[in-house]
Amino acid sequence: MDIDKADRAGADQPSGVSAPGADGGDEETAPSGRAAAASPIEFRLDGASGVPTYLQLVQQVEHALRLGYLKPGDQLPKVRDVVASLAINPNTVLKAYKDLETKGLAAGRPGQGTFVRATLSQIALPELTELRRSLSRWLTAADGAGLDDDGIVALFTSALRDFRGARGVVPPGQQGYERHSGSRSRGGAADGTEGVA
């Protein structure tokens, strides 16, 4: 699930979620005739992912927050706009927004919409841009080596786990796994095989 930045279009823009106005229109017009405030992101769904629709929306907002595409005060897409663009039930969008509110990341304003309340951004945008370029070069090399998307994800996940293991950091959801001389096994029994994602 990727997020496109509405205000920061360019070569470094991630694919996936379209920027509002990407179809040529710069802004929407509210029924009152005034320009409606557009959200910095629009959602996209991946029906083949196996991830529930509401959770895909939550994850896309969290990714946008981590990458600095959304900041406190930004408005999330209005429920009716998400329903119209994705052809999903309004309760699904409301469930996603409620989850974001429970996490303290968003807050609803009656009659106005849902707004970002907190951020998850860890580093500044210039550093993210350089990391993205570096990752793009790595992805190009992985693709050139013949890896498909699943192979790329498996390799990256394995490398991330090895990296965290070398630093003594146990990834969330992996507390029952222990690392023993290059192998991972449930409950700590070394089996002599290399652990993978």
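The values are calculated or read from the model by the stated rules, or taken from the named source; none is laboratory data. Given the structure is predicted, the values throughout are model-derived calculations rather than measurements. Every residue, glycine as well, gets a Cβ built from its backbone with ideal geometry; the counts of neighbours run over all protein chains shown.
Tally up the residues in segment 58-99 that are within 30 Å of residue 133 (Cβ to Cβ) and in a loop (DSSP other than H, G, I, E, B), please.
10
Check segment 54-69 and report whether any residue there is exposed (fewer than 12 other Cβ atoms within 10 Å of the Cβ), modelled with pLDDT of 50 or more, more than 30 Å from residue 124 (Cβ to Cβ) and over 12 Å from the mean Cα position of the chain (by Cα).
no
Out of segment 141-163, which residues are surrounded by 14 or more Cβ atoms within 10 Å (Cβ to Cβ) and assigned to a helix (DSSP H, G or I)?
142, 152, 154, 155, 156, 158, 161, 162
Yes or no: residue 92 touching a Phe, Trp or Tyr at 6+ places or on another chain (Cβ under 9 Å) and modelled with pLDDT of 90 or more?
When the stated conditions are applied, residue 92 passes them.
What number of residues within segment 121-131 are more than 14 Å from residue 156 (Cβ to Cβ) and modelled with pLDDT of 85 or more?
Final tally of qualifying residues: 1.
Any idea how many residues of segment 100-140 are in contact with a Pro (Cβ under 8 Å, 6 or more places away or on another chain), assigned to a loop (DSSP other than H, G, I, E, B) and charged (D, E, K, R)?
Number satisfying all stated conditions: 1.
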